[in-house]
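Written out below as structure tokens is the structure these notes cover.
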Amino acid sequence: MKHKIKSDSYSPINDKEAWIGILYACISSDGEIGKSEIESLSRMIANKSKFNGIEIPPLCKKITEAIKSIGSKGLVDACCPLIKAEDKPTLFSMAVEIVLSDGLLEMEEQKIIEYLAKTLAMDKVLVIKIIEVMLIRNKGNLILD
């Protein structure tokens, strides 16, 4: 997956699209999007009241096109400014969970998680806690791909 950092060609319309964009950037960072990752993303979105009544497929189509031109890091750059401070830990924990949904943490996934933490200006202690909890939570996950 390319990691071109030029986000001026894509702008999310709101924080909801930004959330989905960040999560999609994380699952696509290794160049592959597995069935378990898509299912995990769909579940996460469905379980958040923030997304009630939102048509997700059109957003995903727009995000898929954006990632082809600006890459995962470019998508993170474009989306992070729309994330409210109080939402950052929740979104970050969802991003960590989603990259671990296939039971593996590939090098590119680790890089995008580190980049996301930096771009969201997350507290390092909190980042470590979230990652530790998600590793424990996802230990032994079945791989469905």
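Name the residues of segment 12-35 whose amide N is less than 15 Å from a point 7 angstrom out from the Cα of LYS84 along the C-beta direction? It comes to 14-19, nothing else. Counted as membrane-span-like here are DSSP H helices of the chain whose alpha-carbon atoms extend 20 Å or more along the helix's own axis and whose Kyte-Doolittle mean is -1.0 or above; these are 56-79, 124-138.
Take every pair of alpha-carbon atoms less than 8 Å apart whose residues are at least six positions apart; their mean separation over the length of the chain yields a relative contact order of 37 percent. Electrostatic tally near ILE113: other residues with Cβ closer than 12 Å to its Cβ, Lys and Arg +1, Asp and Glu -1, net -3. Which entries in the list LYS61/LYS124; LYS73/LYS129; LYS68/LYS129 go over 30 Å, if you measure between the two C-alpha atoms of each? Correct reply: LYS61/LYS124; LYS68/LYS129. Sorting 109-115, 9-15 by average packing, meaning the other beta carbons within 10 Å per residue, from highest down gives 109-115, 9-15.
Among 16-27, 54-65, sorting by the average number of other beta carbon atoms lying within 10 angstrom of each residue, highest first, gives 16-27, 54-65.
Rule-based calculations on the coordinates, nothing more; no lab input. Owing to the predicted nature of the structure, the values given are computational and were not obtained by experimental measurement. Ideal geometry is used to build each Cβ from the backbone, glycine not excepted, and the neighbour counts take in all protein chains shown.
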